[in-house]
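Where a number appears in this text, it was derived from the coordinates with a stated rule and is not lab data. These numbers come from a predicted model, not from an experiment. Here Cβ is always computed from backbone atoms with ideal geometry, including for glycine, and neighbour counts include all displayed protein chains.
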Amino acid sequence: MSTAIRRSLQVSEPVRNRVNSNGARQANSTAGENASRESSGLPRALKPRVFVSAENRLLKEALSRMLIKSGEIEVIGTEAAEPFQTEDLLREKVDILLLSSRGSRDEDLAAIRTVRSAAPQVLILLIDVAGDETDFLQCIRAGVRGYLPRDASSEDVVESVRAVQAGKGVCPGTLCAALFRYFEREATSFPSASMRQRLGLTRREQQLIPLIAEGLTNKEIANRFCLSEQTVKNHLYRMKQKIGAEDRLGIVQVCRTQGFMI
């Protein structure tokens, strides 16, 4: 007898006992509750529905087998040819997307943002390739709920799926400190709250000014705040429009003239 059949029998036994002791009315009520639960689309509490997405077919099959073997996770879309389509996630009522990194930060971030926009109820657990601080923080900003390094064990993956389903965040301890450092920088890196009122600069734009003055490149600024280079370029363009500056040097000069920098 398979594990799945034994588990099914174990779950069904208490139901039969209740029917025998309380009569047919309770049996009908229980069946009606189950049917109502299925038709209402409520999430299954015991077995999270997980869609495994990996461009490497062997890796996808290995991850799927590992999750199924745990006996507590339902794996969806094992026959899908593509890594994933948001329509599949919605149709299959997926709880968790186990996403293996594609090896490109931009592609990973685009995939994460697509899911968060089209299927916000789906929680994302990412297995990354690089595993460095910048990639980690950018993925957190994009909306992942869990982040695992590529050398994570099978036990780590299964436990992380359970944790994410329980509403917890998951990340390696070495990267947890990066979150504290990031929020510390967020809280202390802008020079003056009055700048918003006087020049119309947003908080993020204020944060960029000392970095521009230091001569950091767009890429360096992007890495500092876990943004894309294009986002930094967009900020600089709007800052020049608001301040009336022609270039990065002009932004710094105006801010010094206004007394926001020494």
Checklist outcome for this item: Here FRET efficiency (C-beta to C-beta, D156 to R256, R₀ 51 Å, nearest 0.05) is 0.50
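Quick check: from the Cα gyration tensor, does region 49-179 come out rounded (a/c under 1.5), prolate or oblate? Don't skip to the end; give the middle numbers.
Details: a/c = 1.42, a/b = 1.22, b/c = 1.17.
Rounded is the answer for region 49-179, as its axis ratio a/c remains below 1.5.
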Checklist entry - Can you pull out the trypsin sites (Lys or Arg not before Pro) in region 62-165 that DSSP calls coil and that have at most 13 other Cβ atoms within 10 Å? => result R150
Checklist entry - Looking at this model, which pairs from K60/K168; K93/K233; K60/K233 are more than 31 angstrom apart at the alpha-carbon? => result K93/K233; K60/K233
